[in-house]
1. The conditions are (1) open to solvent by less than 10 Å² (accessible area, probe 1.4 Å); (2) outside any helix (DSSP H, G or I), and Arg281 fails exactly one of them. Which is it?
2. Please specify each residue of the range 172-204 satisfying the condition of being open to solvent by 50 Å² or more (accessible area, probe 1.4 Å) and within 26 Å of Lys375 (Cβ to Cβ).
3. Within the range 233-254, track down each residue that is over 27 Å from Phe43 (Cα atoms) and touching a residue at least 40 places away in the same chain (Cβ under 8 Å).
4. Considering only the range 211-269, how many residues are outside any helix (DSSP H, G or I) and not charged (D, E, K, R)?
5. How many residues are assigned to a strand (DSSP E or B) and either open to solvent by 10 Å² or more (accessible area, probe 1.4 Å) or farther than 22 Å from Asp242 by Cβ (or both) if we restrict to the range 311-334?
6. Are any residues in the range 294-340 touching a residue at least 24 places away in the same chain (Cβ under 8 Å) and out of contact with any helix residue (DSSP H, G or I) (no Cβ under 8 Å at 6 or more places or on another chain), and if so, which ones?
7. Please enumerate the residues belonging to the range 623-648 that are within 10 Å of Ala687 (Cα to Cα) and over 33 Å from the mean Cα position of the chain (by Cα).
8. Where residues in the range 719-755 are open to solvent by less than 10 Å² (accessible area, probe 1.4 Å) and part of a loop (DSSP other than H, G, I, E, B), which of them is nearest to Leu129 (Cα to Cα)?
Amino acid sequence: MDMTMATATEARSWADRARRDAVPRHVALIGNFPPRRCGIATFTCDVFEALTHDRDGVTCDVYAMDDGNGPYDYPDAVIGQIRQDKVADYLAVAQRINASGAEVVCLQHEFGIFGGDAGEHILRLMSALRAPVVATLHTVLEHPDAAQRRVMRAILDRSARVVVMADKGRDILRRVYGAPADKITVIPHGAHDRPLIDTAIAKPAFGLEHRKVLLTFGLLSPNKGIEVMIRALPRIVARHPDVTYLVLGATHPHLVAREGEAFREGLMALANDLGVGENIRFVNTFVDTELLLDYLGAADIYVTPYLHEAQITSGTLSYAVALGKAVISTPYWHANELLADGHGVLTPFGDSDALAEAAIALLDDDDAREALQRKAYGAGRQTLWSKVGDLYMDTFAEARGAGHAGAADGELIALPQHARGRLPSPNLAAVLRLTDDCGIAQHSLYGVPDRRHGYCLDDAARALILAHDVTGLGPAPADAERLAWIGAAFVQHAWNHDEGRFRNFMSYERRWLEDVGSDDSFGRAIWSIGLTAGRAVRQEHRRWALALLADAAPHMLEFPAPRTSAYAILGLARADELPGRDELLTALAGNVIAHLDRNAEADWPWFEHDLSYDNARLPEALIRAGLVLDDDAMVTRGVAALEWLVNVQTAPSGCFRPVGTEGFGRPRAQPAIFDQQPLEATATVDACAAAYEATGEARWIAEARRAYAWFLGGNDLGVSLVSLEDGGCFDGLGPDGPNYNQGAESVLAFQMATCSMHRLAKAQPVQAATATSRH
């Protein structure tokens, strides 16, 4: 055998085996499902049957969307439900799918069946999934509004493959949404396999014997063009008095809720006014698939007189063609493709005369009509559900080979595509928006400083830290120096020498609201002062910081809380020139270790009996202290505690999940999912950077990236929490989305984390972009 031929044959054989190995045996299917009555439910059920019929060993779990109009008596195939407006349901089902071992997720997408703006809740489920997603798009909008465009792009980002049912859909996805060609698969709408029969056989069941039957099916609504067809009837009836136009289907429930049956009654009145009331029959009921196919069997001509071109698929049109019906249709997108090459008759939109002429021509010429029926039936053999099921299985295999939406090294798989790429630069615009010549406003309302809450030392200390973080990265903007002066002045003013404590809260009128602030505010002040002593560019700042540290040093060991000690350690670790610094570090670290010794157990190796706020600062402090004191045991204990914490802070999807505030104070309990705070992501970034410095292990770079990606959308809900235009950050993530206020703590946290990621990028050769998933 020719060696080239042998090699090619072997390659094909290998490819075939690889494809067979990639074909999934366990599929999760998400969409509406019967007994819910709508086209998506019917389609999802048909997909389920196509995937499981005559496929030994294939399991298909159905997760049904619930519109709140139930309860629905679902069949056993439905193992879970998602209430469309309950975000928690989306996350719970994602976790259930992850735990089930499903190898691919088949999602039926229509904007109206999911909750949130433009159905955005489904993005949260998609972001939390481990298995690749194949999304079938039932609507592809050529002119979307801003929300629809955003959601569709996010679906494209989160899908390994998307399925459309017409070439027009592929064209729109590429042209309007920038979808990559290799991500799009065209699979026709499936159809049921029935023999081509003489309509005379089916007509008696509906009392239509000796009648020529025109049929339109679907939920009755104004966009279906029924009135246009009714206006065509007088000409048709004049030529063929034995015509019956059958309008099959219930009135759309939204229309009924708004105006009752007024629209249907108006159509009936129109038919009577035109003198064709006896030639039209309205069947006002929801028709299941089997009954619909029976009705189609009785139709001589199937008519879809829709008024607008923007319909990417019509299930009943596919059914009609596959059953060998002569079809007259307006040229909406799906009809334009399916009826091409003489497989049906197309007439202009809204043109009653053209509809009449087409119907008369077909009714006049039995041979022409029967020839059209045979041609349609032959074309329909390519869209049978059995073949469509094969195409879906092939697409699933491709999706498994592609995995999640491709992410390059250093990128987070769950991030939207537009959020991937290079690390954002530090941006002080949002910080400065909150800052005046006194300090930084604690809170804001949607970014507007809320002066009712005044200022606090905690935020001034963070601002001072950030100022030195920014200047440490290279040539500093003047704004960073100004921020350093303002922060230092506030910290100095907060110092109450007589009490040996720092004040914390100040009103907008610049009156201190207390003589002694919280223990944590003392620790944060020491952190900012110590960092100034070690990192400040200006000697004036360094001298000031060392003087204030010396004044506060006698009081640093008076606080039992471990976080106060941890914050102070983070500052002192940089203050090399402070006399007695190492002794203070040793004592403060000893306090943190004492808490670890008292509270840690085999399954709870932590410093406290619960997880609360700024958790990663505790192991970070031990690592930083151990590095300064050259205490390997201390570093090891800090790294071990951090390793446990990052595992706790990992969602089933692999994204970073900070400890939710709703779970604070629960002894040794599984952390709550929400509300999630920016502070936790920043603390984890810094702690992982310290662990990388101590160990040189690349996994800590990945953990830092994963935590940082939380800000950009690598979170449970798949939503960005920042404004890259001005460096702002929202105040947290709840079950229904971000808290859109932008307080100082959050804005400073994002900018501090950004600076830390830039320092980490300089410390190692791999580009610090965002994060890689832990799974």
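1. Of (1) open to solvent by less than 10 Å² (accessible area, probe 1.4 Å); (2) outside any helix (DSSP H, G or I), only one is false for Arg281: (1).
2. Asp193, Arg194, Pro195, Leu196, Ile197, Asp198, Ala200, Ile201, listed by residue number.
3. Leu233, Pro234, Arg235, Ile236, Val237, Arg239, His240, Val243
4. Initially, the range 211-269 is screened for residues outside any helix (DSSP H, G or I), giving 211-221, 225, 240-252, 260-261.
Among the residues that remain, those that are also not charged (D, E, K, R) are: 213-221, 225, 240-241, 243-252, 260.
The qualifying residues number 23.
5. Number satisfying all stated conditions: 1.
6. Result: Thr330, Tyr332.
7. If the condition is that a residue be within 10 Å of Ala687 (Cα to Cα) and over 33 Å from the mean Cα position of the chain (by Cα), then Ile623, Arg624, Gly638 are the ones that fit.
8. Ranking the candidates gives Leu721 first.
The values are calculated or read from the model by the stated rules, or taken from the named source; none is laboratory data. Keep in mind that what you see is a predicted model, and the values were worked out from it rather than measured. Positions of Cβ are generated from backbone atoms using ideal geometry, with glycine treated the same way; all protein chains shown enter the neighbour counts. Just the protein is used for accessible areas: all its heavy atoms, side chains included, with ligands, DNA and RNA removed. Shrake-Rupley method; radii C 1.70, N 1.55, O 1.52, S 1.80 Å.
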